[in-house]
1. Among PRO361, PRO332, PRO317, which is touching a residue at least 12 places away in the same chain (Cβ under 8 Å), crowded, with 23+ Cβ neighbours inside 10 Å and not in a helix (DSSP H, G or I)?
2. With surrounded by 22 or more Cβ atoms within 10 Å (Cβ to Cβ), within 21 Å of the chain's Cα centre (by Cα), part of a helix (DSSP H, G or I) and modelled with pLDDT of 90 or more as the only criterion, which of ALA161, ALA217 stands out?
3. Being in contact (Cβ under 8 Å) with a residue 40 or more places away in the chain, in a strand (DSSP E or B) and either under 11 Å from ALA162 (Cβ atoms) or of a type in the set (A, V, I, L, M, F, W, C) (or both) is the filter here, so list the residues in segment 172-188 that pass it.
4. So for segment 121-135 (the condition being assigned to a loop (DSSP other than H, G, I, E, B), of a type outside the set (Asp, Glu), touching an Asp or Glu at 6+ places or on another chain (Cβ under 8 Å) and not assigned by TED's automatic domain parsing to the domain that holds GLU366), does at least one residue qualify?
5. Return yes or no: is ALA223 within 21 Å of the chain's Cα centre (by Cα), more than 30 Å from MET345 (Cα to Cα), aliphatic (A, V, I, L, M) and buried (at least 22 other Cβ atoms within 10 Å of the Cβ)?
6. Six or more apart or on different chains, Cβ atoms under 8 Å: show the pairs whose first residue is in segment 392-407 and touching a residue at least 24 places away in the same chain (Cβ under 8 Å) and whose second is among the hydroxyl-bearing types (Ser, Thr, Tyr).
7. Would segment 151-171 turn up any residue that is in the same structural domain as ILE101 (by TED's automatic domain parsing) and over 28 Å from LEU300 (Cβ atoms)?
8. Whether any residue in segment 366-379 is under 18 Å from the mean Cα position of the chain (by Cα) and not in a helix (DSSP H, G or I) is what I want to check.
Amino acid sequence: MLSGGTGDIIDPNDTFLHLKPIVMNQPGNLRSNSEMFAAVFCPSCQFSIARDAKACPECGQPCSPNITQISETQLVSPRAANSPAKTAPRASMESSVDQLIGQQIDRYQCKALLGTGAMGRVYLAHHIDLHRNCALKILPPQLVESDPAYVERFANEGRAAAALNHPNIVTIHAIGEDRGYHFLEMEFVAGQSLRRLVEEDGPQDPVRATSLALRIADGLAAAHMAGILHRDLKPDNVMLTHLGVPKITDFGLAKRVALDSDALNSTTGAHVEVVGTPPFMAPELFQMSEATTSSDVYALGVCYFYLLTGRLPYSSPVLSELIHQVTNLPLPSLRNHVPHIPLEMSECLQQLLSKASGNRPRSGVEAAQLLSAVLGESEDLDQLMHSAFAHQPGVKWSRTGNLFHVFLQFSDGRRQTVMVEPSSHAAVDRTLRISSVCCSAQSVYFETALRLNSEILHGALAIAEIDGEAKFLMVDNYPRATVDPEEIRRSVLEVAHRADAIEKLLTGLDMN
């Protein structure tokens, strides 16, 4: 929480954004203290910061101590600007909530403050009946009084999220109210946020970043299948356990943001309300479209970009300019920040952050499939091959580029070569193609080949041009993202035996 000049308290995750220029230290241009608060947006990433902050806690960029003009983007409470009398209860909010430390709320003993968020404060608490620690999210009573709709949304979304049970989602155990304090009891995650991870450790290794993004997508997928949107996915809303497992929190509890209609080129009125945190909002949300599973996927893409680079994809000292960038400018090149990033990851990020919602994965389910394919592609195929054949007698293999040749010798002395290579499909559809040449595709063999093909349970007999000549091939395919060494081993042996048998049946020879 940040304190304003009159003692008013601002939660930087629960404020209204207005596009009104304010020039500091110039007579006649300052608002009254009741209208101006000591928090502004970072010029680089739009994260809310204290006016005297030396560096942004979101992107790490330094804040000039000599700045004389606050960004056009200001944090101003409409209640402060339009109804000053209503701000009085907020003046004591911070102190009244902090008094909960050491106190009992319902069956919970509040032990320490863990942090603040869009819907209040989170405390480490002890469940008196069950003798366990938990996280208790509490709405300050003053906020309850000033915005009853906030309470209703808190309860409704809390009940919906409580139905989610997934290893990548923070579990909600209970919802209740005691002496005017509305609360959610949540699983206590003894770790750090995704934002803190990047702040302390810097950009993550591409494979690690992709693995984290995949697990977050898995959590989103579970929510989307249950009909629940997140609406405000960002690094602050992803907690990491001490084992590094990401868990999403605050499902559906996104803040409402009021924007001047000029910033949105809208004629709907003086202010328009949207939901979310601007740098993580999909372009269509700034065009007054409803939040969807696809807009959650966009926010996932921003988190993925942040994990890879330590930066947000779009930033501007002016909110209207940020909106212009998000809706119009191409995605900044990843290779400027991560020169050696695999092509598959770059393509994946482009899809997640596509400006057209129809070009993105439609939900967390499809996003997880895409990331799974990309992560599988980034695994060391050499290692998979080694694991598959290291202890297999009569098998040798070599590699040329992405193509592996596996050489097998059977007990009867016959030999067969099998080719293993990833397909060139889009990442989500990419397969590992396992094939072996049977013989020349001469017309005299067609009838027999068709009959054999109908009898094959797995894989197929196909025709392909190899070195300018049509050949019969035995072919089998596996999803690249999930194939394991045992599947590779079994498929290679089966394809080799079938191809050899077909070659022997059709030609009586041993040429491959």
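The values are calculated or read from the model by the stated rules, or taken from the named source; none is laboratory data. Quick caveat, the model's predicted, so the values are computed rather than measured. FYI the Cβ positions are ideal-geometry reconstructions off the backbone, even for glycines, and counts take in every protein chain you see.
1. After applying the criteria, what remains is PRO361.
2. Step by step, each of ALA161, ALA217 is checked, and only ALA217 is surrounded by 22 or more Cβ atoms within 10 Å (Cβ to Cβ), within 21 Å of the chain's Cα centre (by Cα), part of a helix (DSSP H, G or I) and modelled with pLDDT of 90 or more.
3. Scanning segment 172-188 gives PHE183, LEU184, GLU185, MET186.
4. Among the residues of segment 121-135, not one is assigned to a loop (DSSP other than H, G, I, E, B), of a type outside the set (Asp, Glu), touching an Asp or Glu at 6+ places or on another chain (Cβ under 8 Å) and not assigned by TED's automatic domain parsing to the domain that holds GLU366, which makes the answer no.
5. no
6. VAL406/THR417
7. yes
8. Within segment 366-379, none of the residues are under 18 Å from the mean Cα position of the chain (by Cα) and not in a helix (DSSP H, G or I).
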